[in-house]
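The values are calculated or read from the model by the stated rules, or taken from the named source; none is laboratory data. Everything numeric here is computed off the predicted structure, so don't read it as measured data. Cβ placement follows ideal geometry from the backbone for every residue including glycine, while neighbour counts extend to all protein chains displayed.
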Amino acid sequence: MIRIQEPAVSADLHLDANIPGNPAYQFTIVPPGTPARAGWSERAPLVSDAGLATKCVHAGVQPDPAYGAVMPPIYQSSTFAFRDVCTNAGYDYTRSGNPTRAALEEALATLEGGAGSTCTTTGMAAVLVALNLLLHPSHLICTIDCYGGTFRVLEHAKQAGGLAVSYLDLADVEAVDRAFRPNTGMVWIETPSNPLLRLTDIQAVAAVARRHGALTVVDNTFLTPVLQRPFEHGADLVVHSTTKYLNGHSDVVGGAVVAPQGRPALLQRIQSMNNLLGTSQSPHDAFLVLRGLKTLSLRMKAHEAGAQRVAEFLAGRPEVAKVQYPGLPTHPQHALARRQQQGFGAMVSFELRDGGRDRVDHVLRTLRWFTLAESLGGVESLVAHPASMTHASMTPEARRRAGIGDSLIRLSIGIEDPSDLVADLARALDSLPA
Ligand code: PLP
C-alpha cells in the first residue's frame, strides 16, 4: 500500500510565512489607498534631475497607491465608474485616458525632456496624430528617404487633396529655406533617416522652420531619447514608433507623440487628436512598452557596440561598395552625429558591389543570426531589403530619387555577441558567387 505522507513542515517555518491571515503575520495591514510613506512620492520630482538610466527605470512609475505594486497595474477596463455625478478619479473612458497608459506617457515625456505625451496604437498612428495638426490646405517639407509608411500616408493626403509635400535632403539647409511656401505648416525630420542613415541638423532646420512659422517634427524612432533628444535642438514635437527600441522585444506595436515644455496648447492638441482619431494605445500594450523601457539604456549600449563592430567589418570587405553608419568616420555627417547625438545607434545599411538581385538574395538567404523581417529595434538582429520590403510602397522613381537602390541591404543590430553577427556576415559574403 502506498502511504502519502504530509510533507514535514517545521512549525517555525509555518509560523514565519508572511501570509496574511496567519496569526503570526507580522505586518500591519492598512486599507488599500492609504497614503504611502513620504519617500515614495518624493521620487517623482527627483526623476527630472536623474541620469538617463535612472529615468528609464523610474520615470512615470510610483509604487501603486492601492497595494504598493512596484509595476503599475494594467487597468484593463474600457470605462471608469463615476464616484458621484460629475465626480471621478481623473479617468472616464480608456480612449481618452487610462492610468497604465498615463504612466507610459509620463515616462516618455520625462525621457525626451518634454511636458507630456500621448501614446498610440502604432507608430503610424502617432504620425497621423501629428500630421492632423496641420490645417488644410497645407504644405509640408519631409526628409527625402523617410520611412515608407510615412511616405505612403503623405502621398495619400496629397491624392486626397489638401496637402502638398516637398521631399528634400534636409542636410541642405539653404534648399530647405528655399522650399518654404506661405502655407508651409510643418517640417518632418527623420534623423538618422530610414534606410540611408542620412542626418539632419535639427537645430539649423528648426530655426528656419520657426522663422517661417512652421512646426518641426522629429521622428526619433532610430535613436530614442537615450541617444538623441530633439527638444534640446529646438524641435516642436517628437514622434516615435515604440514598436522599435523603446519596447525593444518585438512583441508589441505602438507609438507616441511628445510635446515640449512650456507649450500646453500643443500638448492638449496632440492629446485631443489621439482621442478624436480613436488611435490611443491599449493598456496592456502600454504596460509592455513601459516594461521594455526599464532596460532601454542598457540595450542601446549593447545595440550600438554591435553596430559599430558590424559597420567596421563591412567597411573592410571588398564585396561591399558602401556602408552607411554614422559611427564610421567616413560617414559624411560623422561630425554632426558627434555633436547632435549621444551615440550612433544600431541601424546599418550597405550596398553590395556588383549588387544584382541574385547576389543580394544570396546574402538575405544565407544569414542565420539575422532574421529576414520588417521592423527594427528588437533584441534580435534583423535584415531587410528596403526596395522590396520596408520601402516597397515608394514608387521606383521615388526610391531612385531618394537613393534607395535594389542592392541596398538594411541591418537592425540586436544585442547578440557582435562576434557571432560578424561571423554570420563573413559567411554570407565569403560564399557569394564570384
Ligand atoms: N517611423 C519610423 C522611422 C519607422 O521605421 C516606422 C516603422 O518601421 C514607423 C515610424 C511606423 O511605426 P509602426 O510600424 O509602429 O506603425
* Structure fact -> Of the listed residues (R401, R365), the one being touching a helix residue (DSSP H, G or I) at 6+ places or on another chain (Cβ under 9 Å) and either over 19 Å from L196 (Cα atoms) or among the charged types (D, E, K, R) (or both) is R365
* Of these, A307, A335, A302, which one is free of Cβ contacts under 8 Å to residues at least 12 places away in the same chain and within 26 Å of the chain's Cα centre (by Cα)? -> A335
* Asked: So which residues in the range 385-412 are closer than 21 Å to A311 by Cα, free of Cβ contacts under 8 Å to residues at least 60 places away in the same chain and among the aliphatic types (A, V, I, L, M)?
  -> A387
* Can you name the residue in the range 390-434 that is assigned to a loop (DSSP other than H, G, I, E, B) and charged (D, E, K, R) and, of all such residues, is farthest from the chain's Cα centre (by Cα)? -> D406
* Looking at the range 96-118, is at least one residue in contact with a Leu (Cβ under 9 Å, 6 or more places away or on another chain), surrounded by fewer than 22 Cβ atoms within 10 Å (Cβ to Cβ) and modelled with pLDDT of 95 or more? -> yes
* Asked: Among strands (runs of 3 or more DSSP E) lying entirely in the range 131-195, which contain 3 or more residues that are more than 16 Å from the ligand (Cβ to nearest atom)?
  -> 138-143, 163-168
* Asked: Considering only residues of the range 342-366 that are surrounded by fewer than 20 Cβ atoms within 10 Å (Cβ to Cβ) and assigned to a loop (DSSP other than H, G, I, E, B), which is nearest to the chain's Cα centre (by Cα)?
  -> Q342
* Asked: Taking into account only those residues within the range 366-398 that are within 11 Å of the ligand (Cβ to nearest atom) and not aliphatic (A, V, I, L, M), which is nearest to T242 (Cα to Cα)?
  -> G377
* Structure fact -> Of the residues in the range 229-262 that are surrounded by fewer than 17 Cβ atoms within 10 Å (Cβ to Cβ) and away from the ligand (no atom under 16 Å from the Cβ), the one that is farthest from N194 (Cα to Cα) is G262
